[in-house]
Amino acid sequence: MASTEDDRQVRISKIAGRYLVFDIDDVTYIRRQHGICAVFTGTMPQNPTQNVFLGLPLELYAEDAKMLLDRKVAYIADDPLEHLTRLKSMDDETRKSYLQSIKTQRRTAQLVIDEAKAQSQARHKDKRKPKQPQPPVVVPTELPPASVDDAAAVEQEGGEEFLFESSSNKPVKTAPAPPQKPPVKEQLPAITPTTSNAMISTGTSNPDVENHTALPLYSYLNERGYFITPGLRFGGDFSVYPGDPFRYHAHYMANSYGWDEKIPMLDLVTSGRLGTAVKKSFLMGGQKPATDDSEAGELRAFCIEWAGM
C-alpha cells in the first residue's frame, strides 16, 4: 500500500469475474478522491447471515475498475493465481515475517480493546453513588478485669512459669514460600485479516477489463462530480447523486444507450413517469462511436420529466 495519496496504487482483486477492494484505506481513497461508492458485499464473521449492514470487500463496477486504470491510480491483480504462487514459493523468512505482522495486528487490537474497556469503566465509575460514611468504632482503652474462672485456667496450664516464660525460647514458625507460578502465555484476541499485503507484494498485473457500453456515460457523470450507485431499485442503470450519498438524495436515474440505438417510445414514457414517481429526473445518454478517421466523439445526455397531461 502506498504511503501517500499521490503515488497510491489501489489493489483491485479480480476473483471469479468480480472486482473487489479489500483494503479500507483504498476504499476511503477512491470514495473521497474519485467519487466511487460501489457496493459493500461482505458480512461480519460474528453475524454472517445478516444482509443489512454489509462491510468489506467493496465490489466495483467494471466501469469503476476501468476508470481507475485509465487514471493510473490502480492495478488489477488475479488474486487466486497470485496467492497460490506466493504460498508455494514462500520461504521460512517470509513466513515468519507474515506471522509476525499478524501478531502485531493482534497486539494493536488488544490495545484498542483495553483502551475502550478503561474508558467504559471510567464512565461507570462516575455514575456510581458515593457510599455512606460508616460510624466510628469506639475502642476501649482499658482491658476488663480477668474473672476467677480465667485465673484458674491459667494455673492449670502452668501457673506463673507459663505466664512469664520468655517467648524467645519457643521455635518460630515461618510461613512456607508460595509456589512460583509458571509464566502466563500472552493472550491476544483473534483477528480476521482483510488483506494479504504483508504476504503479497505490490503487483502490476492488469487482467483485461471487459468494456461496457455504459462506460462513456459513467465517466461523463463522474468527471462532473456526480456520485453513482446501482439504479436497479429506481428502475434504471444508475442512480446519480450530486454529492456523497450519505449527504444527498439521488437527482437522476440514468440509462445508457448506443448512439444509433432506437429507443421505443414506450420506454421513454414509462421511464419518465417512473422517474417522476420516485422524485427524480430520467437521464439518458450515449456517445458517438469511433470511426476510421476519428476516435470516439462527443457524448450527449438528456433529461426527461413527466410534466402532466
Amide H contacts of Gly42 (H built 1.01 Å from N, under 5 Å, at least 5 apart or other chain): Gly55, Leu56
Per-residue HN-Hα couplings for the range 213-218 [Karplus 6.51, -1.76, 1.60; θ = phi - 60°; Hz; x = Gly/Pro]: 5, 7, 4, x, 5, 4
Residues whose placed amide H lies under 5 Å from that of Trp306, excluding near-sequence neighbours: Thr276
Karplus-derived HN-Hα couplings along the range 230-245 (A = 6.51, B = -1.76, C = 1.60, θ = phi - 60°), whole Hz, x at Gly and Pro: x, x, 4, 5, 9, x, x, 6, 9, 9, 10, 10, x, x, 4, x
Within-11-Å neighbourhood charge of Phe234 [Cβ basis; K, R +1; D, E -1]: +2
DSSP beta bridge pairing in the range 213-309, given as percent antiparallel to the nearest 5: 70 percent
Shape of the range 1-78, Cα gyration tensor, a/c cut at 1.5: prolate
Above-threshold pairs, the threshold being 29 Å between Cα atoms, out of Lys14/Lys279; Lys96/Lys117; Lys66/Lys262; Lys14/Lys117; Lys14/Lys72: Lys14/Lys279; Lys96/Lys117; Lys14/Lys117
Net charge over other residues, Cβ less than 15 angstrom from the Cβ of Ala301 (K, R count +1; D, E count -1): -1
Residues whose placed amide H lies under 5 Å from that of Ile36, excluding near-sequence neighbours: Arg31
Total formal charge among the other residues, if their Cβ is under 13 angstrom from that of Lys66, Lys/Arg +1 and Asp/Glu -1: -2
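Values in this text are rule-based calculations from the coordinates and carry no lab data. From a predicted model like this one, the values you see are computed outputs, not experimental measurements. Using ideal geometry, Cβ is built from the backbone for each residue, glycine included, and neighbour counts are taken over all protein chains shown.
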